[in-house]
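What follows is one structure encoded as structure tokens, with my remarks underneath.
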Amino acid sequence: MFSYDTNAPIDYDVKTQNWFQLNTSLYTPCNTSNFLVNNYDITKLDQILTTVNQYNGLHIRTIAINGKIPGDTIVVPLGAEVILRVKNRLNTESFTMHVHGLDKQGLWYTDGVAFIQQCPIPVGSDYSYRFIADTPGTHFYHGHLGSDRGDGVVGGFVVMRPEEITPNLFGDRLDIGREYYALLQDIGVVSSYDQILAMDMMTIKYANNMDAQASTCTSDTCWNRTRNYDGSAIAFLSPLSAFLINNKGWHSEKDLRNMPSNLPLTTFLIKKGENIKFRLVNGGIGHPIMIWLEYHKLIVVAADGLEIKPAKVDAIVIFPGERYDILIQGLSNPRQKNYRFIFETMEQFNWELRPNEKSIGLANLQYEDSTLLDTNIVDFYHTSCMEQNKCVVLNCPFRNFAMSFNYICFNAVDLENGVEIEDKEVIEQKVFTEGYEEYFINIDHDNMMNGVSFKFPKGMPYYSNENENQIFTPCESSICNSQTMSVSENMPMMSSTGNCNCFNVYNFALNNIVQLTLYNMGNGGTYQNGFTHPFHLHGTHFYVMKLVYPPMYDENGILNSFSGDIPCHDSMQNCYGLKWTNSSWLNGNVEGMSKNPTLRDTIIVPTGGYVVIRFRAKNPGWWFAHCHLLIHDLAGMAFAVRVGNNEEIPKPPNGFPHSSRQTMQ
Ligand SMILES: [Cu+2]
């Protein structure tokens with residue numbers, strides 16, 4: 001927890017529900033007899049919870065925004081000009097700020113990607129971002145340098161349409177009683193910063209304060225990686241300490257499971273029969289989060305901020321970077337005071353494929369007009385899901401759950417756009433002959449895009465012109481992307497891969513239609529060591545035209561095949577440089593594409609499968625694309641994007657800070 005008042009940390013006792021101010025004297029032992037008990041003072045408690053965040057209930061190093069984590073949610077009207085003034089008052093770290101979800105049309109240099117779009121903001125400096133809120137809906141802002149967004153540089157950002165009303169099932173629209181913004185974060189036992197360091201140094205097994213010898217290893221003293229329901233890996237290099245829902249979470253699984261009503265959880269208020277909108281945002285760094293709300297259906301009304309045809313589901317999986325707006329219809333006769341949001345990791349197996357107890361987080365949906373008393377009973381096992389009436393889970397990273405589960409998957413690609421698609425040519429299935437570009441990008445590893453590990457330039461490439469080699473290492477794509485390139489499976493994630501650790505850039509001609517086929521197959525991941533990656537593209541939203549899972553899983557749900565649409569036949573094969581198995585699908589003529597695709601800025605690329613996305617490259621500038629799992633992004637699973645040529649790319653204002661060698665301009 002945070003320091004409060006006299007800089008003494010505040011702690012909370014779950015059993016007695018009392019708050020304590022700790023004795024910070026270095027000369028007294030830190031056992032409970034030395035706690036200084038505050039008289040229970042509700043005004044002080046309010047201050048603790050509002051001006052000093054509760055966080056996960058432990059004392060950890062974080063970065064706060066105006067003293068808060070997450071930073072305050074910024075709400076602006078669509079089309080507003082926004083000035084975001086950032087003052088770096090950290091002791092040692094520079095950072096940048098990216099508003100995730102805004103296209104920033106014509107304003108690429110305000111998008112906040114360090115080294116591509118600006119220089120990092122140094123310690124002690126001030127920096128202003130000035131831009132137009134050009135994309136409606138639920139977004140968030142976060143740091144875009146190193147591990148900053150995992151260490152607390154994150155907050156909500158919402159762009160409201162004038163007189164916004166929310167779609168409902170059956171085509172009617174609803175007035176919303178209240179709406180809530182819920183930013184979710186995954187806090188590890190080891191900080192985001194230390195996870196990155198340890199990953200780079202190959203010491204992560206030991207960085208979790210778990211240096212036990214194998215012979216004495218217990219679940220408390222040794223940690224190993226965990227796997228998703230399909231056997232693919234989870235990209236989080238530490239045991240989960242807590243899910244934070246806005247600023248609150250709790251580190252103890254035992255307390256969460258046994259005494260949830262004693263815990264200071266985030267509580268969202270609702271009245272009987274009231275319609276409530278939640279803007280759910282995964283602002284975390286590694287965990288896909290499966291979200292349930294006891295005995296309530298979730299009506300999904302927007303994805304990545306943009307309206308979709310409402311879809312009714314029982315649970316949603318949200319990957320880091322994704323957002324879903326959901327509508328909750330308040331029960332007319334609630335049988336509980338508090339219904340719980342249950343946030344689950346997807347750690348179904350340990351590394352040896354034995355069953356693993358998932359980590360959870362909780363928040364309350366509280367009926368403020370209910371006279372019932374709260375209880376500690378939580379439906380952790382989703383008993384309303386039954387064999388004859390399975391629960392529907394949106395956005396699974398695999399085709400389906402194993403038969404033993406009472407859940408079935410609803411594919412994110414089956415969501416439909418809720419508004420008229422204006423530029424219909426972008427979504428057509430035909431053989432394009434001009435104004436069209438397509439790329440195949442294999443992302444089966446955890447540190448590369450198509451065999452290339454991204455290396456940041458030393459300065460903004462916009463200003464490099466003829467001095468490119470001084471600023472970045474160009475890629476020799478004929479080597480990196482070929483099927484003959486050999487890749488060591490145990491390669492340290494951030495090690496140099498020779499000429500393939502370089503400044504990887506895709507150039508799209510201004511106003512062309514661009515199709516990216518992102519596939520996740522080959523020896524990089526193999527069947528069981530791969531990941532589902534949330535792919536995020538800056539500077540534009542894209543249509544999700546097709547999303548395909550592998551055809552086969554074994555009876556336990558474990559992946560054992562790749563989609564045959566791309567000729568990557570087995571997990572021993574190096575699958576770079578491949579195109580469609582059926583060559584008549586080239587140039588835009590892909591079979592089975594969505595007729596009414598949703599517009600996203602982040603989409604999963606499932607292990608063993610692929611996704612096809614399309615957009616018109618109408619926002620000239622230097623942009624960035626990357627996996628939104630923090631450790632993958634930092635290990636090089638990223639590429640730069642340049643839309644338009646130098647003359648077409650908007651020039652940053654005169655005096656825009658970009659290099660210590662300003663003369664290069
Ligand atoms: Cu990834």
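No value in this document is a laboratory result; all are computed from the given coordinates. Please read all numbers here as calculations on a predicted model, not as lab measurements. Please note: Cβ atoms are built from the backbone with ideal geometry, for glycine as well, and neighbour counts cover all protein chains shown.
Structure above, values below:
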read-out: FRET efficiency, Asn389 to Asn654 (Cβ-Cβ, R0 51 Å, nearest 0.05); value: 0.20
read-out: Net charge dipole size for the chain [Lys, Arg +1 and Asp, Glu -1 on Cβ; Debye, nearest 20]; value: 560
read-out: Sites Glu368 and His569, calculated FRET efficiency, Cβ-Cβ separation with R0 45 Å, nearest 0.05; value: 0.20
read-out: Nearest-0.05 FRET efficiency for Lys15 and Thr203, computed from C-beta distance (R0 45 Å); value: 0.75
read-out: Three-way shape label, the range 71-164, alpha-carbon gyration tensor, a/c 1.5; value: prolate
read-out: Cα extents of the chain along the three principal axes, largest first (Å); value: 72, 62, 62
read-out: Helix 192-201 vs. the chain, principal-axis angle (Cα, 0 to 90°, nearest 10); value: 50
read-out: Packing-based order for 564-572, 289-297, using average beta carbon neighbours within 10 Å, highest first; value: 289-297, 564-572
read-out: Full-extension gain in nm, Glu468 to Asn507, via 0.36 nm per residue minus C-alpha separation; value: 12.5 nm
read-out: Packing-based ranking, highest mean first, of 103-111, 530-538 given that Cβ atoms within 10 Å are counted; value: 530-538, 103-111
read-out: Order by protection proxy (mean Cβ within 10 Å, highest first), peptides 615-628, 355-368; value: 615-628, 355-368
read-out: Length released on extending from Glu416 to Asn560, taking residue separation times 0.36 nm less the Cα-Cα span; value: 48.9 nm
read-out: The range 512-665, relative contact order in percent, only Cα pairs under 8 angstrom and at least six apart counted; value: 34
read-out: Gained length - Val123 relative to His59, 0.36 nm times residue gap less alpha-carbon distance; value: 20.6 nm
read-out: Cα-based equivalent ellipsoid of the range 424-643: semi-axis lengths in Å, sorted from largest, via gyration tensor; value: 26, 24, 15
